[in-house]
Amino acid sequence: MPRLQDHFLTRREMLRVGSVAVTGYYCVPLFQPRVRASGRAAAEGQARFCIFVMLEGGQSHVDAWDFKEGPWTPPDFAPQSVPGLGTWPMGLYPQLAERRDRYSLVRSMATWESQHGRGQYYMQTGHQHNPALAPELPGIGSVVALETSASRRDSDCLPPFVAFNTFPQVGLIGSGFLPATFTPFHINTSSDISALAPKAEELPDFKRRWELLKRLDGRLRSDRSLQRKAYRDYHNHYEGAVDLMSDPRSARIFSIGESDSSRYGGNPVGDSFVLARNLVVADAGTRFIFLTHEDWDHHGAIYKPENFYKRSHELDTALSQLLDDLGAETRDDGRSVLDETLVVCVGEFGRTPGELTNIAGRDHYQYAFTGLFAGGGVRPGRVLGVTDDQGAQITDPGWYANRPVYPEDLATTIYSAMGIDWTKSIEETPSGRTYHYIEVFSPTRMLANRVVRELFS
């Protein structure tokens with residue numbers, strides 16, 4: 001008999017269950033996950049870093065990594081049968097097809113959200129959007145930054161959480177109620193990044209001005225009162241920026257050579273992947289990297305060259321080169337950098353399957369989509385989950401929970417892969433409500449998040 005914890009209950013149903021006379025017996029399993037890290041959740045992977053690639057707008061899974069051929073399929077998609085992947089659009093993702101031994105796919109992902117802002121929030125935090133709590137909840141990257149802060153070395157100069165190319169249309173989730181130290185450091189690769197690494201001859205003047213500024217407003221920066229938190233947060237940002245700009249390694253980390261830029265695609269997307277590679281190879285303090293690849297929201301004219309073709313070619317090139325470079329770079333112990341870097345690539349949902357809409361596009365679709373996972377202990381060459389011949393319904397989830405993989409499961413899997421106890425909670429929050437790394441009671445019908453162990457075993 002399955003535990004009640006594994007059933008699908010809403011909060012309202014939970015209250016109804018709790019109103020019966022046998023509440024004390026039957027609800028014990030429901031409350032067990034609220035243990036405040038009294039015992040560690042087992043780590044499934046071996047990652048020290050995470051690169052999270054967000055396909056903003058939602059990649060059409062049926063035109064990409066869960067390919068479904070039909071009358072709508074353009075001939076130059078060139079679908080072919082590829083061992084281990086099934087039918088694959090070689091005209092769009094030829095390089096990833098060649099590297100199928102470097103990653104695994106999960107074709108049984110689903111979400112409860114079908115609107116961009118809420119969907120992005122859900123994927124970035126592992127929590128469904130609650131307007132009353134949203135301002136105080138941190139993103140997954142900020143939690144990773146908090147959890148790995150104890151292992152920072154004196155020589156670490158880089159911010160623990162770095163994000164690339166996340167624009168205001170949807171937004172980047174910050175550190176919430178956590179200190180500003182764990183806020184994402186955002187970089188736009190479409191702009192000049194040379195200021196991140198001043199020339200050596202400019203550093204003495206730069207440091208002198210910084211010391212003068214600290215003397216002028218030192219009292220505000222050290223005031224521990226709640227009213228002065230904004231000053232302390234700014235101070236944390238300033239200190240992080242100064243450490244980064246003062247370190248001689250920054251010039252190398254934040255530089256993009258012509259050959260690398262060309263190899264990764266010669267565009268801002270590829271450049272962000274180059275910098276993500278540099279950050280993890282440098283191992284200088286950054287643990288979580290959030291890359292946004294925008295413009296996958298193709299409600300109309302999806303097959304125009306500047307839409308799905310362009311985005312697919314950008315992703316195919318940049319992601320393939322990233323996997324190659326991380327796999328080729330080794331540490332002193334002989335492990336590759338890819339071995340210790342979890343790479344996740346996913347959108348906030350999929351797109352409507354089957355025939356295109358009357359404006360030749362695909363709309364939002366939350367019931368099935370695909371994620372790519374590599375490195376960090378992930379066993380490559382696997383495909384978890386099966387959908388029907390339209391890509392509309394998940395017919396075989398492909399993992400032990402026997403249901404779709406939801407964003408809570410994704411967050412749990414990331415934490416576990418990085419050795420983080422995802423059962424933890426924090427009591428001291430502005431709202432007074434306990435913050436759980438993974439919410440105990442979902443506001444919808446999902447309960448009992450799980451690690452997708454089949455990715456690692």
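The values are calculated or read from the model by the stated rules, or taken from the named source; none is laboratory data. Predicted model, so just to flag it, every value in this text is computed and none were measured. Note: ideal-geometry Cβ built from the backbone for every residue, glycine included; neighbour counts use all protein chains shown. The protein model used for the area step is the full one, side chains on, heavy atoms only, and it has no ligands, DNA or RNA in it. Shrake-Rupley method; radii C 1.70, N 1.55, O 1.52, S 1.80 Å.
Annotations
- Those residues of region 172-185 which are open to solvent by less than 20 Å² (accessible area, probe 1.4 Å) and under 15 Å from the mean Cα position of the chain (by Cα), in sequence order: SER175, PRO184
- Region 159-168 - residue that is out of contact with any Phe, Trp or Tyr (no Cβ under 8 Å at 6 or more places or on another chain) and in contact (Cβ under 8 Å) with a residue 60 or more places away in the chain and, of those, least open to solvent (accessible area, probe 1.4 Å): ASN165
- Among the residues of region 87-106, those identified as assigned to a strand (DSSP E or B) and open to solvent by less than 30 Å² (accessible area, probe 1.4 Å) are TRP88, PRO89, TYR103, SER104, LEU105, VAL106.
- Within region 250-265, the set of residues being open to solvent by less than 50 Å² (accessible area, probe 1.4 Å) and at pLDDT below 85 comprises just one member, SER250.
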